[in-house]
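Scroll down for the structure; my scribbles are underneath it.
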Protein chains: 2
Amino acid sequence: MTSAAPAPHPGDDPRPTLRVALLGAGTVGSEVLRLMRIHGEELTHRIGARLEVIGVAVRDLDRDRGEHVDPSLLTTDAESLVTQADLVIEVMGGIERARSLILSALESGASVVTANKALLAQDGATLYEAADRHGVDLSFEAAVAGAIPLVRPIRESLAGDRIQRVMGIVNGTTNFVLDAMTRTGADQAEVVARAQELGYAEADPTADVEGYDAAAKASILASLAFHTRVGLGDVHREGITEVTAEDIAAARRMGRTIKLLSIVERIVDGDEERVSARVYPAMIPDSHPLASVSEAYNAVFVEAEAAGSLMFYGQGAGGTPTASAVLGDVVGVARQRVHGGYGPRESAYAELPIAGIGDLRTRFYLALTVEDRPGVLADVAGCLSSHGISISTIHQQPLPEGEGTGERAVIGISTHRAREQSTTAALDELSARPAVQSIDSVLRLEGE
Amino acid sequence: MTSAAPAPHPGDDPRPTLRVALLGAGTVGSEVLRLMRIHGEELTHRIGARLEVIGVAVRDLDRDRGEHVDPSLLTTDAESLVTQADLVIEVMGGIERARSLILSALESGASVVTANKALLAQDGATLYEAADRHGVDLSFEAAVAGAIPLVRPIRESLAGDRIQRVMGIVNGTTNFVLDAMTRTGADQAEVVARAQELGYAEADPTADVEGYDAAAKASILASLAFHTRVGLGDVHREGITEVTAEDIAAARRMGRTIKLLSIVERIVDGDEERVSARVYPAMIPDSHPLASVSEAYNAVFVEAEAAGSLMFYGQGAGGTPTASAVLGDVVGVARQRVHGGYGPRESAYAELPIAGIGDLRTRFYLALTVEDRPGVLADVAGCLSSHGISISTIHQQPLPEGEGTGERAVIGISTHRAREQSTTAALDELSARPAVQSIDSVLRLEGE
């Protein structure tokens, strides 16, 4: 199963040399090169072979890449570079080109380390299958939660256990935004602009604020945790764009904090088991450990049958932390080249069906603007009740008079666990009521 | 390097069978058997081979071991059992017999999974060396922090990084005791008795309360983190027996919590690097994440150069969580038998010297009972200053009058970072002063 033994080192060092190709020399790539250089001797000891960077593929040869990138290694010909390597590190991002280069590396017998969550979520199966067919490794610790060891613990440490649920904050940008909104009371637009200035959000923040990044990570986590292929399309996704300063204030009044959560869960119903994977902003109790995860940090709860609750916390992004995770994989993959064997393959034997969001039962927080007159509150409560939704707390507050709209009030309701379908149906019915002027918020309550 | 391939399964299942011997059928052993049975099919999928338990070695055949232990598998002849297995799980504990059985298993070509922290701390090198010589695996995730994946993340996920410090709560019993003292204000003796009733402390709690268990774990963590052999004798060890209700109250006044910490650290002094490994009760700020680790939970902070701060949290003991960690190792080791390769070997290339406790620089909390008269406070402060110890805060409080001892006061002092040696010398000098009646507490301040 293992590919050709690495070439012996030409000098007097009897340890072999592994040829490494790096795809991408951005924030992560240049940190990978820096760490490989300053810790070269230690890495050699840990692997039992030297790593020799034979080339760094970039799109633009003329761009200044700082002191850690040797210009003589740069090439635009990634296609031939990957076929000459024992080990390919893909930190260029993007989908089509990355996939084609990774496939060509695997076909040439190279092992691959990648941080590309979007590609794995979209088309991981093709890559896993190619790695398997060519007897080489595909490792991706850096794809989820940056420096936090999470892929390896889930795949290997918990391999003798049964994972029930993984719930975490795995997108640093949205956590930075929600945390700043909570601390300052500011509007989202203002906070996003500030995050962009500080480099915590991209110029186009869509992938983060719309939850695409968190959904890609949920897809990877669900696949690993439940030995089932869970694609990006199987993940229910809601971003944070609709979270307002009023929602944050309402959460505070309720002793709660709003976080964007990625949740993957084994749902057991009699003999039937299904997988739920979802990303949405949710209110969690202030006392929940995830509530105190601030700024751009990540934290992930894992609940397993025997191990109980485990938490992992650390930096989920950034060039240096991500490079640490990449290099951990590089050492692992390189050791297998030297000593034989290979890492875990894709494991999708369970093939559990995916649970649709409609069947999910969660608690909700609902905020509605209504006409402030007798009977409206009872009518809203009655409508929820007719859909089998039981109210936990309700809070009504008059609004200052607007421009000729008459007297209005905001009703904030937290429910007991209710089916998503029932909640949607109740909200549809409520929004058709003349007394209900608008439905302002629909947020889940999690972490009880 | 790999040993003989496992035997094919006799039935129509083409997957091979691995023969498993279990040493010990106590709390952990019986849970291992239970989980192997209820998750048998899943484990087979994950490994690519069936696990067949060929025997369970115990000392007493007649003891009732509950429904999960098949009596026909019990044997007292552990010596021959281990020579017939592909995989030996050692959860019997103890030193001499466990060592001899593990060595004989390794010599017979079996891979070994053990939870025996005391043995690894005392004589890990002998075991690692035997595993290496016979080309088999020795795994021990369950030896440190129970179900929390920690050994694998440190050895593998962070293999491309440089660990600077590991600091954690790795003994559940002492955390239960200190947590209960903090919550209730009770004396240690009372709380230990309660912990014994609840099963959180052994009848003889010495290994826990004197810090031996935490020191064994520190020795293992230091060896892994710094690629250096750190034996039990290299770990400075202080238990919690001298922590009083007054210390707990003093900590609360200072916004701090007392925890028994295992700390292993890379100390860099110019070009020289050394390893410090130590266990002691310390006051940490209430805002530190370790301060909120309650009851028998464990939590460990890892600081690495590139990854930054990581935290791991979960159940550090108990039959079921420990069995989860054991089985994770079993799957990993079994996969290597089936697919070739082997896990990380002992890595001690760095051979860093061990730093003595005397050279360590930490902050201290000191409590002294003194005569309550003018000049004593100034004298105490002067003595510390003459040893180069700078005071951060000082707090003097008169004591109620005792039986004819005159008026007394307690001085509580927190210092800036000071050398341990200087502090010891200053305390020796102070204790010889007639005005100083007793030195009541010497505790470190950590986690700033």
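The values are calculated or read from the model by the stated rules, or taken from the named source; none is laboratory data. Since we're looking at a predicted model, the values are computed, not measured. Virtual Cβ from ideal backbone geometry, glycine too; neighbours counted across all protein chains shown.
Screening segment A:165-228 for helices (runs of 4 or more DSSP H) wholly inside it with 2 or more residues that are under 25 Å from A:GLN122 (Cα atoms) and not hydroxyl-bearing (Ser, Thr, Tyr) returns the ranges A:172-184, A:206-209, A:212-226.
Just to be sure before I move on: is A:THR244 within 14 Å of chain B (Cβ to nearest Cβ), more than 28 Å from B:PHE301 (Cα to Cα) and polar (S, T, N, Q) in the structure I sent? No, not satisfied. Taken over segment B:109-157, the residue count meeting the criterion of being without any contact (Cβ under 8 Å) to a residue 60 or more places away in the chain, in contact with a Phe, Trp or Tyr (Cβ under 8 Å, 6 or more places away or on another chain) and either closer than 26 Å to B:VAL293 by Cα or acidic (Asp, Glu) (or both) is 1. Selection of segment A:339-358 for residues being on the phi > 0 side of the Ramachandran plot, touching a His at 6+ places or on another chain (Cβ under 7 Å) and more than 8 Å from chain B (Cβ to nearest Cβ) yields an empty set.
On the basis of being touching a Lys or Arg at 6+ places or on another chain (Cβ under 7 Å), within 14 Å of chain A (Cβ to nearest Cβ), at pLDDT 95 or above and under 24 Å from B:ARG99 (Cβ atoms), does B:LEU18 make the cut? Yes.
Can you find a residue in segment A:238-246 that is farther than 15 Å from A:VAL166 by Cβ, part of a strand (DSSP E or B) and out of contact with any strand residue (DSSP E or B) (no Cβ under 6 Å at 6 or more places or on another chain)? Looking through segment A:238-246, none of the residues is farther than 15 Å from A:VAL166 by Cβ, part of a strand (DSSP E or B) and out of contact with any strand residue (DSSP E or B) (no Cβ under 6 Å at 6 or more places or on another chain). Per the conditions (1) away from chain B (no Cβ under 14 Å); (2) of a type outside the set (Gly, Ala, Ser); (3) more than 31 Å from the chain's Cα centre (by Cα), the sole criterion not satisfied by A:ARG363 is (3). If the condition is being within 18 Å of A:VAL20 (Cα to Cα), under 18 Å from the mean Cα position of the chain (by Cα) and not in a strand (DSSP E or B), then segment A:117-140 contributes only A:PHE140. One residue stands out in segment A:289-316 among those that are surrounded by fewer than 23 Cβ atoms within 10 Å (Cβ to Cβ), of a type outside the set (S, T, N, Q) and more than 12 Å from A:GLY168 (Cβ to Cβ): the one that is nearest to the other protein chains (Cβ to nearest Cβ), namely A:GLY308.
Considering segment B:134-181, the residues that are of a type in the set (S, T, N, Q) and more than 10 Å from chain A (Cβ to nearest Cβ) include one that is surrounded by the fewest Cβ atoms within 10 Å (Cβ to Cβ), namely B:GLN164. Summed over segment B:42-76, the residues that are among the polar types (S, T, N, Q) and in contact with a His (Cβ under 9 Å, 6 or more places away or on another chain) give a count of 0. Annotation: A:LEU23 fulfils all but one of (1) away from every other protein chain (no Cβ under 14 Å); (2) surrounded by 18 or more Cβ atoms within 10 Å (Cβ to Cβ); (3) closer than 17 Å to A:VAL136 by Cα; the unmet one is (3).
How many residues are assigned to a helix (DSSP H, G or I) and either aromatic (Phe, Trp, Tyr) or crowded, with 16+ Cβ neighbours inside 10 Å (or both) when one looks only at segment B:30-41?
Matching residues across segment B:30-41 total 7.
Pairs meeting the criteria (first residue in segment B:235-253 and closer than 15 Å to B:VAL177 by Cα, second residue assigned to a helix (DSSP H, G or I), beta carbons under 6 Å, at least 6 apart or on different chains) are B:GLY239/B:VAL209; B:ILE240/B:THR174; B:ILE240/B:VAL209; B:THR241/B:VAL209; B:ILE248/B:MET181; B:ILE248/B:THR182. Scanning segment A:319-353 for residues that are modelled with pLDDT under 90 and among the charged types (D, E, K, R) yields A:ARG345, A:GLU346. Restricting to segment A:42-72, give me the number of residues that are more than 9 Å from chain B (Cβ to nearest Cβ) and either outside any loop (DSSP other than H, G, I, E, B) or of a type in the set (Val, Ile, Thr) (or both). The number of residues fulfilling the criteria is 13. Any chance segment B:242-253 includes a residue that's in contact with a helix residue (DSSP H, G or I) (Cβ under 6 Å, 6 or more places away or on another chain), within 19 Å of B:ALA207 (Cα to Cα) and not assigned by TED's automatic domain parsing to the domain that holds B:THR114? No: zero hits. Of the residues making up segment A:317-338, those that are among the β-branched types (Val, Ile, Thr) and more than 8 Å from chain B (Cβ to nearest Cβ) are A:THR322, A:VAL333, A:VAL338.
Residues that are outside the structural domain of A:ALA306 (by TED's automatic domain parsing), in contact with an Asp or Glu (Cβ under 8 Å, 6 or more places away or on another chain) and more than 29 Å from A:ASN175 (Cβ to Cβ) occur at least once in segment A:132-153. Take the conditions (1) in contact with a His (Cβ under 9 Å, 6 or more places away or on another chain); (2) without any contact (Cβ under 8 Å) to a residue 60 or more places away in the chain; B:GLU79 misses just one of them, which is (1). For segment A:271-288, the set of residues classified as crowded, with 20+ Cβ neighbours inside 10 Å and more than 18 Å from A:SER441 (Cβ to Cβ) consists of A:VAL275, A:SER276, A:ALA277, listed by residue number. Spot the failing condition for B:ARG152; the list is (1) closer than 30 Å to B:ALA306 by Cβ; (2) more than 19 Å from the chain's Cα centre (by Cα), and only one is missed. Here B:ARG152 meets the rest and fails (2).
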